[in-house]
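*Asks:* Attaching a single structure in structure tokens format; questions to follow.
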There are 6 protein chains.
Amino acid sequence: MRFDGRKVDALRPVKITRNYTKYAEGSVLIEMGETKVICNASIEEKVPPFLKGTGEGWITAEYNMLPRSTASRKPRDIAKLKIDGRTMEIQRLIGRALRSVVDLKVIGERTIWIDCDVIQADGGTRTASITGAFVALVDAVNKIHKRQPFNVYPIRNFVAAVSVGIVDGVKLLDLCYEEDSKAKVDMNIVMTDTLEFVEIQGTGEENPFSRSELNELLQLGEKGAKSLVQAQKDALKMDCLWIGTGESE
Amino acid sequence: MRFDGRKVDALRPVKITRNYTKYAEGSVLIEMGETKVICNASIEEKVPPFLKGTGEGWITAEYNMLPRSTASRKPRDIAKLKIDGRTMEIQRLIGRALRSVVDLKVIGERTIWIDCDVIQADGGTRTASITGAFVALVDAVNKIHKRQPFNVYPIRNFVAAVSVGIVDGVKLLDLCYEEDSKAKVDMNIVMTDTLEFVEIQGTGEENPFSRSELNELLQLGEKGAKSLVQAQKDALKMDCLWIGTGESE
Amino acid sequence: MRFDGRKVDALRPVKITRNYTKYAEGSVLIEMGETKVICNASIEEKVPPFLKGTGEGWITAEYNMLPRSTASRKPRDIAKLKIDGRTMEIQRLIGRALRSVVDLKVIGERTIWIDCDVIQADGGTRTASITGAFVALVDAVNKIHKRQPFNVYPIRNFVAAVSVGIVDGVKLLDLCYEEDSKAKVDMNIVMTDTLEFVEIQGTGEENPFSRSELNELLQLGEKGAKSLVQAQKDALKMDCLWIGTGESE
Amino acid sequence: MRFDGRKVDALRPVKITRNYTKYAEGSVLIEMGETKVICNASIEEKVPPFLKGTGEGWITAEYNMLPRSTASRKPRDIAKLKIDGRTMEIQRLIGRALRSVVDLKVIGERTIWIDCDVIQADGGTRTASITGAFVALVDAVNKIHKRQPFNVYPIRNFVAAVSVGIVDGVKLLDLCYEEDSKAKVDMNIVMTDTLEFVEIQGTGEENPFSRSELNELLQLGEKGAKSLVQAQKDALKMDCLWIGTGESE
Amino acid sequence: MRFDGRKVDALRPVKITRNYTKYAEGSVLIEMGETKVICNASIEEKVPPFLKGTGEGWITAEYNMLPRSTASRKPRDIAKLKIDGRTMEIQRLIGRALRSVVDLKVIGERTIWIDCDVIQADGGTRTASITGAFVALVDAVNKIHKRQPFNVYPIRNFVAAVSVGIVDGVKLLDLCYEEDSKAKVDMNIVMTDTLEFVEIQGTGEENPFSRSELNELLQLGEKGAKSLVQAQKDALKMDCLWIGTGESE
Amino acid sequence: MRFDGRKVDALRPVKITRNYTKYAEGSVLIEMGETKVICNASIEEKVPPFLKGTGEGWITAEYNMLPRSTASRKPRDIAKLKIDGRTMEIQRLIGRALRSVVDLKVIGERTIWIDCDVIQADGGTRTASITGAFVALVDAVNKIHKRQPFNVYPIRNFVAAVSVGIVDGVKLLDLCYEEDSKAKVDMNIVMTDTLEFVEIQGTGEENPFSRSELNELLQLGEKGAKSLVQAQKDALKMDCLWIGTGESE
């Protein structure tokens, strides 16, 4: 039994609220227990310089924590004139995760900006950001699709992410902050609905881990990812029927 | 009759939610119609260098808009390595407004950080920030007071803010974005519950205005401020009884 | 009787020197007592991106204090890689004030840069900057006009600015630093020659103020603005005859 | 057979040159085929603020590429005033990898700075940096140890890193740039001499990968890591006898 | 005969105004023809970290051009977040020149800040800055000396600077902008009153120069420096009697 | 006899290695005793804005020291968000030196980037950079020339640089760090193979110097420059035959 009463292989309660704010083409509030992230998807009708003239689109992500989303106040990046390294890592991860399931050639010369702003942080903000941002992305893509249908629906798969780790020798799914801060091994797993890996990042900074421990963690992660994809489907309802069909109507 | 059906002297619906996030000593979501701002108050047990050793405290504010709080996405400050001028102006204004009603000597050598993060912007974000931040400030001050009572309760007055302006020749209270963008004269008024001015900022960039127009605008502002202070009282209930008493129990 | 022997409603001695440096299209040294500001107006034959192709011009201002314009040396912005908030506020104010009296459509796709560099600061540098910059602006506009006459003279009004405040319970016009630092209420007023307001910014950070106090302060400000416009006329002589005529020869 | 004639499970020629520059406490040039990185370890007798007074030491890494270490010239970070995200990620990875095998309490209140400067880049610069930096770290730690012996030798394990990936459906060890740019799956593995994982980072941005593919890749990585630890031992000779003994003489 | 009627070995008219602004411990306006620079010397009762506890003082300089001191407007450094290289070079030169004639041990743990702000630039701003800053430095040092006399007067020599160059094959003293922009060889010479060199910087970017040409240029520079030291003595009158005496009363 | 056994007029051993890294169009490692600098020349097929459309090319240099190229670790510029002044000075010097011997009109609208990265610093890094960069420049220019021959070979002269100084009253050629740190006078001389000066920078910060001392230093510098040009010729062999011929085959 864990700190908050969960079983070792249980997710925290997941809540996905669509249309959370009114301007973004896709706007989602995702809550994983006490972790709360606003994920907005915005469409911009141009691409970064390296894609100009290629006909391909781009998806890029920015991640930020409100200063008091954490137990003690964290100064804003702009106050130090530097993005911190962790933030950089996370926004690169979110971008890669979403691009992995989208056909950017079909998107065309547009950029989809994903903004993940953490309102309250209780562990797992980067994985919650990916899971929530995917739903916002679907809403934004559908908005384009309704205006001017794609020949082929550009989203090939669902993608969701979850953390796993080893705390006091026990393998746990979906760590909250309390657990995360005591974890000897910490792993983030990004998976598709077909249960393939898009990204694995595992760190045993204080304690190297073995192949068999890795396998158990991946098993747990797979279980979590499956439930999260289901939560995305429940939230999107009829709006996700096109995903992976390769069709467009 | 206005764009959204309001009378010229009517506020938009005001909603103040306390304890909006769980870590901040004071945490408020304020909604003025479609404008939504999270106002967090954080206590730090030290002061800026210019106050060290004086026994006095400080209140400082930071203001930020989520990139997609607006109709088109606004890049983050950190992406340009510069805080924009409007942001600077607003956070200085919020800080002055709150300091004007607090006895900083009583606060002692602490800083209260006010973070106003705009989730959705539909005009009047700076005035909503002040009105909401005041409530967060009261909650934070009470948290100190409960731990270790002040000799004298340090908050002397309520403070709230509202915008007024002239649109198509008509004086209006509490402008939404649509109105604000057409206003020839635009004024922000910060007032106490005793209906004194803490700050007046009026601009007629496209159209200078006369003394009598100013007087009508101030009249409207006073009406709005009165209602906003009432909304603060309704939200704070028993937790605002000490304000202005100069007592501490 | 005040600190420097002035009456409560008296300006400090005003001195406006045109053609102060040789390269700028308009170059003015304005002295208000011991406050000295160089105001240069420069013409650039292009506009910021948001105006490209609109046929409209722009006026923008930058404000800076020499490090030792003040009693103790103030580090340069570049040493901290940040413009300070006060500077931002002031340069935005100067820009708005000047744009309020100019028809930017007539100016055409040009930018007029206003640089206000404070040589010596003794209170009222922002208001002196506006008053002096207006004269530099007229000189720059006339330089364009002589080369290639406008159909309609683009400057509609004079604009000047002055500070007022309450010190030890007394309302004062044109505060010097000594007075400013003791003021409970501090107000900057920007007015046209037709005695309409372009901008009012009043702060009672340490002491809220009432409507009747506001009225007395505005009265004082009006008196000061009237004298300052006269000083501008005296300095410009025949070179200001076109202002507000709507004609061009 | 690969591009450069190697077998799928072969490393490129590894060359580790110690004492490469004369000032650093540890200085190594590591060459993995055409990839060349200078790894310097510097000792500083103080720690970052968050460790002051704890008695613990710290290891931190910086990574940089010479502008022309790559096929086309890459501007320096300082020219853009921003560290790029990839650089951030890499230097955080190097730091974690080295800290994972060192007892920081034994190091005491000192910082060991690891500087990895890439002279020539042909794929695998981050993994080469870790493998080379470990050797520089041992030299630096020995320098302290000789001056003033630790009670317990602070380095518990060897650590080395290698990349693996899937190119045209084939799993490959130690990708060169040519291969890396075509890889559908790309993974960096950091391992100890006891063949435990310190870090796994695998990305299938363009192509998700299955559990069995993952297993094959880990197998390859293990083989590579084993050889790299041997190369470290060959380079260090007698100077690595203390590692993992927990003794100090 | 030159552009402005001067002989090849003539300086432009030199004018040195002391006490130009009222706050700085030393404040000088130097005019060399149309080149005008405000040189302020400020005393700060602390030293940079590398001198703390040594008992030695420091002299450091900052140089800046007003945006419209030049024929076309030059953006401020802060707008680009970068000091330009030329500015850096010049302020380092001014600092070295002044430190070369002062006994920093006698100054004690204080910093003298020299701010050179160019109001109008017509060539030779860096040399005018040095010549003018020396006079401001003497005033600042005397201010300390009067409050609390030094045992030994800390200024050992006068120091002044001048430019020389080769234009259309002719060697010229004290180049104005017109001449400077056509010069094939350009040299700045910093000398003491004993006609020794403190600094020589000569560049023949477009045209290398010979030893004999160098000698002629140095001859011209010596002549100019002699006159400039005389101008400093004329400006300082009785206030420079202590210089170089090694005495203190 | 000097610290390292050299005569007063002797250079340290010079070693110039061409093709040091594989991507740059010119890549040189220059060693002057213990000072080691990588000098890479890169060709970019565009010019800075101020040269667009002129048909002229540009040569620009960047200089950097690895953090541990020096006895104690020097933080990277990016960590402070500022290029330090010395670095700026040096890279401007390198750029001027190389441009002085190249006909930029013949180069055409291209930029040649020179990157000088100091691996190990033992005095004289700026002069070694110039001497080494010249060889890299020749290799880069020849690479263009072989692809598409210039009508006239654009390099007019060799250029090399050396330091001289006065230490304990003795004039020395090519100072190492130990000597440099004790030098009262310090001079850098950039010369062509025809023994003309391209740049002279001499500083007597702690001790002004006389004309006759200057002459002796220049004599020494000339001797050093002669040997360095010979070392460049030895390194370039047949690849420098075109220099100064004004021919192209």
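The values are calculated or read from the model by the stated rules, or taken from the named source; none is laboratory data. These figures come from a predicted structure and were not determined experimentally. With ideal geometry, Cβ positions are generated from the backbone for all residues, glycine too; neighbour counts draw on all protein chains shown. Surface areas here come from the heavy atoms of the whole protein model, side chains and all, with no ligands, DNA or RNA. Shrake-Rupley method; radii C 1.70, N 1.55, O 1.52, S 1.80 Å.
*Asks:* Interface F/D, total buried accessible area with a 1.4 Å probe, nearest 100 Å²?
*Replies:* By this definition, chains F and D bury close to 2900 Å².
*Asks:* Next up: Rounded, prolate or oblate: which fits segment E:60-99, taking a ≥ b ≥ c as square roots of the Cα gyration tensor eigenvalues, rounded meaning a/c under 1.5, else prolate when a/b beats b/c?
*Replies:* prolate
*Asks:* Using the alpha-carbon atoms, what tilt in degrees (0 to 90, nearest 10) does helix E:211-236 show relative to the longest principal axis of chain E?
*Replies:* Tilt relative to chain E: about 40 degrees.
*Asks:* Do you know the relative contact order of segment E:169-249, to the nearest whole percent, from alpha carbon pairs under 8 angstrom that are 6+ apart?
*Replies:* 27
*Asks:* Compute, for E:LEU104, the solvent-accessible surface of its heavy atoms (probe 1.4 Å) with the complete set of protein chains present, and express it in square angstrom to the nearest 10.
*Replies:* 20
*Asks:* Right, another one. Roughly speaking, what is the centre-to-centre gap between segment F:1-74 and segment B:170-249 when only Cα atoms are used, to the nearest Å?
*Replies:* 65
*Asks:* Within segment D:1-48, which trypsin sites (Lys or Arg not before Pro) sit in a loop by DSSP and count at most 15 neighbouring Cβ atoms inside 10 Å?
*Replies:* When the trypsin sites (Lys or Arg not before Pro) of segment D:1-48 are filtered for loop state and at most 15 Cβ neighbours within 10 Å, D:LYS7, D:LYS22, D:LYS46 remain.
*Asks:* Run the numbers for A:LYS22 and A:MET238: contour at 0.36 nm per residue of separation, minus the present Cα-Cα distance, in nm.
*Replies:* 75.7 nm
*Asks:* Taking R0 as 45 Å, what's the FRET efficiency between D:LYS105 and A:LYS105 from their Cβ-Cβ distance, rounded to 0.05?
*Replies:* The pair D:LYS105/A:LYS105 has a calculated efficiency of 0.25.
*Asks:* Taking the label point 7 Å from Cα in the Cβ direction, how far apart in nm is C:VAL152 from each other copy of itself, listed shortest first?
*Replies:* Nearest to farthest, the other copies are at 5.8, 5.8, 5.8, 7.5, 8.5 nm.
*Asks:* Got the relative contact order for chain B handy, in percent, Cα pairs under 8 Å and 6 or more residues apart?
*Replies:* Averaging sequence separation for qualifying contacts and normalising by length gives 22 percent for chain B.
*Asks:* Near E:GLU179, within a Cβ-to-Cβ distance under 15 Å, what is the net charge of the other residues, with Lys and Arg +1 and Asp and Glu -1?
*Replies:* -3
*Asks:* If you line up the long axis of helix F:125-147 against the longest principal axis of chain F, both from Cα atoms, how many degrees apart are they, to the nearest 10?
*Replies:* 10
*Asks:* Next up: Check F:ARG73: other-chain or 5+ apart residues with amide H under 5 Å from its amide H, H built from backbone geometry?
*Replies:* Residues meeting the criterion, in which the H sits 1.01 Å from N, do not exist here.
*Asks:* Right, another one. Excluding ligands, DNA and RNA, what is the solvent-accessible area per residue of segment F:6-159 at a probe of 1.4 Å, expressed in Å²?
*Replies:* I get 34 Å² per residue for segment F:6-159.
*Asks:* Let me ask something else. Tell me, what HN-Hα J-couplings in whole Hz come from the Karplus equation 6.51 cos²θ - 1.76 cosθ + 1.60 at θ = phi - 60° for each residue of segment E:187-194, using x for Gly and Pro?
*Replies:* 9, 10, 10, 10, 10, 8, 5, 8
*Asks:* Right, another one. From the square roots a ≥ b ≥ c of the eigenvalues of the alpha-carbon gyration tensor of the protein assembly as shown, which class results: rounded (a/c under 1.5), prolate (a/b over b/c), or oblate?
*Replies:* Oblate.
*Asks:* Continuing with this model, one more query. Which ³J(HN,Hα) values, rounded to whole Hz and listed in residue order, are derived for segment F:59-71 from phi using the Karplus coefficients 6.51, -1.76 and 1.60 in 6.51 cos²θ - 1.76 cosθ + 1.60 with θ = phi - 60°, glycine and proline given as x?
*Replies:* Going residue by residue, I get 10, 9, 10, 10, 10, 7, 10, 4, x, 10, 6, 10, 4 Hz, with x marking Gly and Pro.
*Asks:* Let me ask something else about it. Counting other Cβ atoms within 10 Å of each Cβ, which GluC sites (Glu not before Pro) in segment D:1-97 have at most 13 and sit in a DSSP loop?
*Replies:* When the GluC sites (Glu not before Pro) of segment D:1-97 are filtered for loop state and at most 13 Cβ neighbours within 10 Å, D:GLU45 remain.
*Asks:* Something else about it: Comparing the chain by itself with all protein chains present, which residues of segment E:199-237 are at least 50 Å² less accessible (probe 1.4 Å)?
*Replies:* With the partner chains in place, segment E:199-237 has these residues losing at least 50 Å²: E:ILE200, E:GLU205, E:PRO208, E:PHE209, E:ARG211.
*Asks:* To the nearest 0.05, how large is the calculated FRET efficiency for A:LYS146 and F:VAL152 if R₀ is 56 Å and r is the Cβ-Cβ distance?
*Replies:* Using R0 = 56 Å, I get an efficiency of 0.30.
*Asks:* Hey, another quick one. Kindly give the distances from C:GLU44 to its copy-mates, label point to label point, with each label point 7 Å from Cα along Cα→Cβ, as nm values to one decimal ordered shortest first.
*Replies:* Here the equivalent label points are 2.2, 2.2, 3.1, 3.5, 3.9 nm apart from this one.
*Asks:* At E:MET1, with labels set 7 Å past Cα in the Cβ direction, how many nm apart are the copies from this one, shortest first?
*Replies:* Ordered by increasing distance: 6.2, 6.6, 8.5, 8.5, 10.6 nm.
*Asks:* Return the aspartates and glutamates within reach of B:LYS171: Cα separation strictly under 14 angstrom, same-chain partners fewer than 8 residues apart disregarded; answer none if there are no such residues.
*Replies:* Result set, ordered by chain and number: B:ASP9, B:GLU179, B:ASP180, B:ASP186, B:GLU213, B:GLU216, B:GLU222.
*Asks:* Moving on to the next point. May I ask you to derive the relative contact order of segment E:160-213, considering only C-alpha pairs under 8 Å and at least 6 residues apart, and to give it as an integer percent?
*Replies:* Dividing the mean separation by the residue count of segment E:160-213 yields 31 percent.
*Asks:* Taking H placed 1.01 Å from N in the peptide plane, check which residues at least 5 places from B:THR35 or on another chain put their amide H under 5 Å from its amide H.
*Replies:* B:ASP122
*Asks:* Where in segment F:120-138 is the amide nitrogen less than 12 Å from a point lying 7 Å along the Cα-to-Cβ axis of F:ALA71?
*Replies:* Residues F:122-123 qualify, since their backbone N sits under 12 Å from the label point.
*Asks:* If you build a Gaussian network model of chain F, linking Cα atoms that sit under 10 Å apart, which residue out of F:SER69, F:SER129, F:SER181 swings the most?
*Replies:* F:SER181
*Asks:* Could you tell me the accessible area of B:ILE94 in Å² (1.4 Å probe, neighbours in place), rounded to the nearest ten?
*Replies:* 0
*Asks:* Please report the antiparallel percentage of DSSP beta bridges with both residues in segment B:1-150, rounded to the nearest 5.
*Replies:* Approximately 70 percent, going by the DSSP bridge assignments.
*Asks:* Could I ask something else about it? What distance in nm lies between label points placed 7 Å from Cα along the C-beta direction at B:GLN230 and E:VAL170?
*Replies:* For B:GLN230 paired with E:VAL170, the spin-label model returns 8.6 nm.
*Asks:* Per the 1.4 Å probe, what fraction of the accessible area of chain F, in percent, lies on carbon and sulfur atoms?
*Replies:* 50
*Asks:* From the helices alone, meaning DSSP H stretches of at least four residues, give me the mean residue ellipticity at 222 nm for chain D, per-run term -39500 (n - 2.57), in deg cm²/dmol to the nearest 500.
*Replies:* -9500 deg cm²/dmol, from helical runs alone.
*Asks:* Classify chain A from the C-alpha gyration tensor, please: rounded if a/c falls under 1.5, else prolate or oblate depending on whether a/b exceeds b/c.
*Replies:* Verdict is prolate for chain A.
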